[in-house]
Amino acid sequence: MLRLKKMSQRQSIYGWLLLSPAMILLTTFAFYPSMATFWSSLFSRGTRRKPSKFIGTDNYTDLFADPTFWKVLTNNLIYAGATIPISIVIALSMALWANSKIPARSFIRTAYFTPTVLPMIAAANLWLFFYTPGFGVLDQIGSLFGLPSVNWLGQPETALFSIIVVTIWKEAGFFMIFYLAALQTIPEDLKEAADIEGTSRWYYTRRIVLPLLMPTTLFILVNALINSVKLIDHLFILTKGGPNDASKLLLYYIWEMAFAFFDAPHAAATTILVLAALGIIAGIKFTILDKRTHYQ
Amino acid sequence: MSEKFVDINNIAKRWNGQLGVEDISLSFPKGSFVALLGPSGCGKSTTLRLLSGLEQADQGIIKINGVDVTDKPPSERNLSMVFQSYALFPHLTVKENVIFGLKVRKTPIKERQEKLLRALEITGLVGFENRKPAELSGGQRQRVALARAIVANQPLCLMDEPLSNLDAKLRNSVRKDIKKLQVNLGITVVYVTHDQTEAMSMADIVVLMKDGRIQQTGSPEELYYKPNNIFVAEFIGSPPMAIIEGKALKGFEKYSSVGIRSENLTVAKKGKGRLICEVSECEFLGSETFIGLSHPSAKGLTISMPGVQNIDQGKKLEISFANEDLHFFDVNGDRTS
């Protein structure tokens, strides 16, 4: 009995030892910062005259009362709602096309992938050149057809839309690579078996290819979702969130609060809200979506 | 053999100048079991794929049931196919896999259910309807592939090495099942295999191929007793036919090669044998022992002896045989007379 107990003790020590590297890293760089952020979101902003003090959920109430917060949140929802599905659909179509037997296949793959290797800042500068009123590429093309000059980034109606287009352009090629890899794992003879039955191309894609790509789609979905919160580099170059907050996204808003207005507590509160939202989505992914996905 | 259910006329398939298959002509009546046999790379699978329509022939005509299907897609050839890898859809259940084709052809739900049940009964898969392929054993997956082929109720079924992923024991029983199935359903089966036992035991017609060409077409007996050439003689039978140079045999000097099956060899008393050989190996198989013999102008000489035999290597052994059991081949390896 005693020996058994000793052995299980020993095993648990091994267990903890094996766990410790990941635990230490995660604690230092993920758990602790999250907790610290949460903690600081409960305090007021300290100034020289008024030191920081515990104010409970006041920072959150402030945010909910702030129309800018709601504007930014709406922007981000539109941004996510547009970039995620559109980039996935484009990536999938490109992958299906680039996977078929077409001439210059590797050239097409490379061409699609190029935006991905470009740093976001460089991509943004490129698109700045496209969007610039007057001599930008879009306006030049428009003027050929007699269309008036449009200030794509400079007016509230089109600014967010223009940002969305850049993001999709940047993401779709990256996601296509994953789809291409997944398509290549689908055995050729499944298509042949379907051909024998006289399956149409569309039916085969819908009933066989798409379900088999589901794990990849899920992975891409999560990535696209993370990007829709995280990818704001181009805002710095293109619009700086303007005009009139029309293209401001949550992370940019947080950055602005923390490092332009030095309002760390409110920035912390917003961060916590974003974390909570992502946490809920992760929960949905692991419980509902994973069960409905076929993993090979 | 007068009725030609499947008629393949002089088809060829070449890949970038490389040989696929060449000059393939083959016809057989309805209800026959045809085995395409040969070593790997001989073009048997290619022939099957040409027949199925998964590959297009570069030349020649394929007729099924009197209809020219050479340029038709697989779905218009009224055939079903069992793949070597089974090609089951991994995300679909057994039931969905089996009725996939029926769904594609929009068969009414009631009929679909009836056909499904029948196919599952025939293949002994009742109770597994809702499993996915990953939850089945190799043999069960194989039966799902069979069920999928049966359910379509097509007169012609093509099988591409359907047993090669099964272990030896299972292969034996599934072999019998497939043969029984073919007879009961009255379908025509074209079966690709590299295993001569499979071909010889199941098929009515064996087509032996090598390097993209047909070497011999005929019943298993014909291939065994009347091999067209040395390749056929050496491929069919276990152990294969022994080939002796004609000049080593008194009275047969005019033939380039002479063949003899191991069962026709007998051990002769000293001084009475027609060939003096050296024992090179003994292979004990239970009821008998194969004794490998070496002779400077012969290859593949094996004699079978009952029970356990332990003969020392290098021992001289004289063998004899009857003239009527000999097969004669010319310089090109083709059968003469």
For each of B:112, A:10, count neighbouring Cβ atoms within 10 Å of the residue's Cβ, then give the residues from fewest to most. A:10, B:112
Within 10 Å of each residue's Cβ, count the other Cβ atoms and sort A:43, B:28, A:135 from fewest upward. A:135, A:43, B:28
Using the Kirkwood radius over C-alpha pairs as Rh, can you work out the diffusion coefficient of the range B:6-233 via Stokes-Einstein at 37 °C, viscosity 0.692 mPa s, in µm² per second? 181 µm²/s
Cα lying deepest toward the dipole's positive end in the range A:58-291, options A:269, A:202, A:235, charges on Cβ: A:202
Starting from the exponent 0.38 and prefactor 2.2 Å, build the expected Rg for the range A:159-296 from its residue count and divide its actual Cα Rg by it. 1.41
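Please compute, for peptide B:82-91, the average count of beta-carbon atoms on other protein chains lying within 10 Å of each residue's beta-carbon.
Details: counts 2, 6, 1, 5, 2, 9, 4, 8, 9, 10.
Mean partner shielding for this stretch: 6.
Hey, got the dipole for chain A? About the Cα centre, +1 on K and R Cβ, -1 on D and E Cβ, debye to the nearest 20? Please list the in-between numbers first.
On the way: 24 positive and 16 negative charges, 247 e Å.
Roughly 1180 debye for chain A.
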Dipole of the range A:1-111 [Lys/Arg +1, Asp/Glu -1 at C-beta], most positive-end residue of A:28, A:79, A:108: A:28
Cross-link reach list, aspartates and glutamates versus residue B:30, counting only Cα pairs under 13 Å and skipping chain neighbours closer than eight places: B:3, B:7, B:204
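Which of the residue pairs B:72/B:226; B:106/B:179; A:50/A:71; A:6/B:132 have a Cα-Cα distance greater than 32 Å in the structure shown?
Table pairs above 32 Å Cα-Cα are B:72/B:226; A:6/B:132.
Using a Cα distance threshold of under 17 Å, what count of lysine pairs results for the range A:130-260 when pairs must be 8 or more residues apart or interchain? Numbers along the way, then the final one.
Details: A:170/A:230; A:230/A:240; A:230/A:248; A:240/A:248.
Close lysine pairs under the 17 Å cut-off: 4.
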Using unit Cβ charges (K, R positive; D, E negative) and no other charged atoms, how large, in debye to the nearest 20, is the dipole of chain B about its Cα centre? 800 debye
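Quote the charge dipole size of the protein assembly as shown about the Cα centre in Debye, to the nearest 20; the model charges only the Cβ of Lys and Arg (+1) and of Asp and Glu (-1). Don't skip to the answer; put the middle values down first.
Numbers: 67 positive and 55 negative charges, 357 e Å.
Here the size comes out at about 1720 debye.
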If you count the DSSP beta bridges with both ends in the protein assembly as shown, what percent of them are antiparallel, to the nearest 5? 75 percent
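Would you tally the net charge around residue B:9, using a Cβ to Cβ cut-off of less than 13 Å, leaving residue B:9 out, and scoring K and R as +1, D and E as -1? Please report the intermediate quantities before stating the final value.
On the way: positive: B:4, B:63; negative: B:7, B:23, B:68.
Local net charge: -1.
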How big is the convex hull of the Cα atoms of the protein assembly as shown, per residue, in Å³? 300 Å³
Please compute the alpha carbon radius of gyration of the range B:239-329, then divide it by the globular-protein estimate 2.2 N^0.38 Å. Two decimals is fine. 1.04
Residues meeting the amide H criterion for residue B:55 (H placed from the backbone, H to H distance under 5 Å, 5 or more places apart or on another chain) are B:50
The distance between the Cα centres of the range B:107-150 and the range B:174-204, in whole Å, is 20 Å
Cα-based radius of gyration of the range A:18-117 once divided by 2.2 N^0.38 Å, which approximates compact folds: 1.86
The farthest towards the positive end of the charge dipole of the protein assembly as shown, of the residues B:35, A:135, A:88, given +1 on Cβ of Lys and Arg and -1 on Cβ of Asp and Glu, is A:88
Which whole-Hz ³J(HN,Hα) couplings does the range B:45-55 yield from phi under the Karplus relation 6.51 cos²θ - 1.76 cosθ + 1.60, θ = phi - 60°, glycine and proline marked x? 5, 4, 4, 5, 5, 5, 5, 6, x, 6, 10
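If you take the C-alpha gyration tensor of the range A:138-180, multiply each eigenvalue by 5 and take the square root, what semi-axes do you get, largest first, in whole Å? Let's see the in-between values first.
Details: eigenvalues 157, 42, 6 Å².
For the range A:138-180, the ellipsoid semi-axes come out as 28, 15, 5 Å.
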Set of lysines with alpha-carbon distance to residue B:110 below 22 Å, sequence-local pairs under 8 removed: B:95
For residue B:272, give me every one of the lysines with a C-alpha distance below 25 angstrom, ignoring sequence neighbours fewer than eight places off in its own chain. B:247, B:250, B:254, B:299, B:315, B:316
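With runs of 4+ DSSP H residues as the only contributors, calculate the mean residue ellipticity of the protein assembly as shown at 222 nm using -39,500 (n - 2.57) per run, divided by the residue total and rounded to the nearest 500. Intermediate results must be reported in sequence, preceding the final value.
Details: 23 runs with 289 residues, N = 633.
For the protein assembly as shown, the value works out to -14500 deg cm²/dmol.
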Neighbour-count order for A:120, B:81, fewest beta carbons within 10 angstrom listed first: A:120, B:81
Of the convex hull enclosing the alpha-carbon atoms of the range A:58-291, the direction-averaged projected area in nm² is 16.2 nm²
Reduced to Cα centres, the span from the range A:219-296 to the range A:153-181 in Å works out to 16 Å
At residue A:65 and residue B:334, where each label point lies 7 Å from the Cα along Cα→Cβ, what is the point-to-point distance in nanometres? 10.4 nm
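Since every read-out is calculated from the coordinates, none of them should be taken as a lab result. Keep in mind it's a predicted model, so treat the numbers as computed, not measured. Reconstructed Cβ throughout: ideal geometry from the backbone, glycine too, with neighbour counts over all protein chains shown.
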